[in-house]
Amino acid sequence: MGGSGRSGVLPTDRRMSLRRLWDAQSDNWIRWARAPGHDTYWRFHRDRFFELVPEPGRLTLDLGAGEGRVARDLRARGHRVVEIEGSHAMAVASAVLSGETPCVADLARLPLAGACADLAIAFMSLQDVDDHRIALREIGTVVTPGGRLVMAIVHPINSAGRFEMASGGDPPFVIRDSYFDTRRRADDIEHAGLAMRFEGEHRSLEAYGRALEDAGFVIEALREVGEPDPTNKWSRLPLFLDIRAVRR
């Protein structure tokens, strides 16, 4: 999420997989993610997220690695990282900066040996897969028992509703559809001269919790991440949900 700028919840093409929709946005995302200080990752979310990340171990997987900024930060902290990314264009962009070779694959069909990693990172990717339950089951097979998954998603409160225009005072945050119903959504955001469409799926907190349970994970830490600027409307509600879970 990019912070200030014009945004709106828009219809999305349910005939296309989220992986294909994000691949179509790859050029926009590379520009957006690499603009210095442009979005919430650079301003505050990276630091909050890395508070939950364990020390480097045998192998760290970056699942839904995008253009590679999380993987680069992990490597700078001493992690041996394998990147998995569904978009060929984003994987190529990551390789150019890192010199590594990301693997282009679907999170629902990971081309990895069982129990190969002691840490999996899924930073802002699980809301962008078509079936989070299958993806989490796959992650459960590649994380060794006692290993950990650290994930960040759009907070389910965030994706359930939107701020609406108000004639005066703070804009109200309104949930018009059922919080509990899973549904596709798209947000068009323009910020500091860059435009990006964020495609994803709203799911309840319980939906993610049950999927983690079914995949063999137990939540051991949870953080609700909001905008630290008290003048920003998103300081009133959480933007993101960060979770660390251990594999039973």
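The values are calculated or read from the model by the stated rules, or taken from the named source; none is laboratory data. These numbers were taken from a predicted model, which means no experiment stands behind them. Backbone-built Cβ (ideal geometry, glycine too); neighbour counts: all protein chains shown.
So how many residues does region 210-241 have that are in contact with a helix residue (DSSP H, G or I) (Cβ under 9 Å, 6 or more places away or on another chain), under 22 Å from Asp131 (Cα atoms) and surrounded by 13 or more Cβ atoms within 10 Å (Cβ to Cβ)? Number satisfying all stated conditions: 10. Among the residues of region 61-93, which ones are under 23 Å from Pro145 (Cβ atoms) and touching a helix residue (DSSP H, G or I) at 6+ places or on another chain (Cβ under 6 Å)? Correct list: Asp62, Val81.
With respect to the conditions (1) within 24 Å of Gly193 (Cβ to Cβ); (2) over 15 Å from the mean Cα position of the chain (by Cα); (3) assigned to a loop (DSSP other than H, G, I, E, B), Arg109 falls short on a single one, namely (1).
Which members of region 91-118 meet the condition of being in contact with a Leu (Cβ under 9 Å, 6 or more places away or on another chain), surrounded by fewer than 24 Cβ atoms within 10 Å (Cβ to Cβ) and aliphatic (A, V, I, L, M)? Ala105, Leu110, Leu112 - these are the residues of region 91-118 that are in contact with a Leu (Cβ under 9 Å, 6 or more places away or on another chain), surrounded by fewer than 24 Cβ atoms within 10 Å (Cβ to Cβ) and aliphatic (A, V, I, L, M). Among the residues of region 75-114, those identified as touching a Lys or Arg at 6+ places or on another chain (Cβ under 9 Å) and over 14 Å from Ala135 (Cα atoms) are Arg80, Val81, Ser87, Ala93, Ser94, Leu97, Ser98, Glu100. Tell me which residues, restricted to region 163-209, are surrounded by fewer than 16 Cβ atoms within 10 Å (Cβ to Cβ), in a loop (DSSP other than H, G, I, E, B) and in contact with a Pro (Cβ under 9 Å, 6 or more places away or on another chain). Answer for region 163-209, where residues must be surrounded by fewer than 16 Cβ atoms within 10 Å (Cβ to Cβ), in a loop (DSSP other than H, G, I, E, B) and in contact with a Pro (Cβ under 9 Å, 6 or more places away or on another chain): Glu164, Met165, Ala166, Tyr179. Across region 160-214, the number of residues qualifying as among the small types (Gly, Ala, Ser) and touching a residue at least 40 places away in the same chain (Cβ under 8 Å) comes to 8.
Quick one: what pairs do we get from region 215-241, first residue free of Cβ contacts under 8 Å to residues at least 24 places away in the same chain, second not in a loop (DSSP other than H, G, I, E, B), C-beta under 7 Å, 6+ apart or different chains? As it stands, the answer is Leu222/Ile243; Gly226/Trp234; Gly226/Ser235; Asp229/Ser235, since those pairs meet every condition given. What do you reckon, is Leu119 farther than 22 Å from Thr182 by Cα, within 19 Å of the chain's Cα centre (by Cα) and part of a loop (DSSP other than H, G, I, E, B)? When the stated conditions are applied, Leu119 does not pass them. Within region 42-61, residues that are among the β-branched types (Val, Ile, Thr) sit with their Cβ atoms under 6 Å from residues that are at pLDDT 95 or above and not in a loop (DSSP other than H, G, I, E, B), at 6+ positions apart or across chains, in these pairs: Val53/Val150; Thr60/Leu74; Thr60/Val81; Thr60/Leu119.
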